[in-house]
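Read through the structure below, which is laid out as structure tokens, and then see the notes.
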Amino acid sequence: MDSPDTLAAQKACCPVQAGATPAASADSPTPQAPVPVASPVVRALLMCVAVVSLGLALLGIVTPGLPSTEFVLIAAWASARSSPRFHAWLLRHRLFGPLLRDWHNGRRIRRKAKWMATASMAVCTVLMVAMVPHAWLVVVAVLCMLGVQVWLWRQPEPELG
């Protein structure tokens with residue numbers, strides 16, 4: 001059984017009601033948290049996906065070119081379907097919680113996160129130009145990063161205030 005803190009953290013981001021479906025209600029822009037899957041095997045696989053994704057996100061914080069935001073979002077998605085306790089922990093986390101709440105509340109990304117991603121991709125580009133011997137590979141990677149940058153900077157930012 002989940003603690004009151006776990007349930008409160010989940011409701012802060014994704015309100016859960018008995019028998020709720022994953023779809024958002026008409027009067028609330030916040031999506032409802034999915035009900036964890038019934039199959040223990042699928043839950044275990046999703047929990048593995050969540051833990052591995054979180055590990056890759058942590059590695060991405062210090063590794064240029066390895067994204068962290070995407071892996072945090074995957075970890076949140078998988079944990080919401082496998083472990084309400086782990087999902088609530090992610091939502092309460094000092095670093096990941098604000099990112100996840102912003103994403104759940106309108107797919108918003110903070111400007112600081114956009115600048116961090118831009119800087120990381122710039123460092124990755126410089127390292128690839130200096131170290132990768134195949135120019136075509138550098139061009140493909142840089143074009144992919146440019147596509148991500150266009151998408152990233154077109155996302156709305158949360159209203160701070």
**Message:** I want to confirm something. Restricting to segment 56-72 and keeping residues that are open to solvent by 40 Å² or more (accessible area, probe 1.4 Å) and assigned to a helix (DSSP H, G or I), which single residue is farthest from Val35 (Cα to Cα)?
**Reply:** Val62
**Request:** Could you grab me the full set of residues in segment 127-161 that are without any contact (Cβ under 8 Å) to a residue 12 or more places away in the chain and among the small types (Gly, Ala, Ser)?
**Result:** Ala130, Ala135, Gly147, Gly161
**Message:** Restricting to segment 29-55, name every residue that is open to solvent by 50 Å² or more (accessible area, probe 1.4 Å) and part of a helix (DSSP H, G or I).
**Reply:** Pro40, Val41, Val42, Arg43, Ala44, Leu45, Met47, Cys48, Val49, Val51, Val52
**Prompt:** From the residues in segment 95-118 that are open to solvent by 70 Å² or more (accessible area, probe 1.4 Å) and not in a helix (DSSP H, G or I), which one is farthest from Ala80 (Cα to Cα)?
**Reply:** Arg110
**Request:** May I ask you to list the residues in segment 119-147 that are under 16 Å from Leu66 (Cβ atoms), in contact with a helix residue (DSSP H, G or I) (Cβ under 7 Å, 6 or more places away or on another chain) and exposed (fewer than 15 other Cβ atoms within 10 Å of the Cβ)?
**Result:** Val132
**Message:** Here is a check on your reading of the model: is Val123 closer than 27 Å to Leu95 by Cβ and not in a loop (DSSP other than H, G, I, E, B)?
**Reply:** yes
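The values are calculated or read from the model by the stated rules, or taken from the named source; none is laboratory data. Quantities reported herein were computed from a predicted structural model and do not represent experimental measurements. Note that we place each Cβ from the backbone using ideal geometry, even for glycine, and neighbour counts take in every protein chain shown. SASA here: full protein model, heavy atoms, side chains in, ligands and nucleic acids out. Shrake-Rupley method; radii C 1.70, N 1.55, O 1.52, S 1.80 Å.
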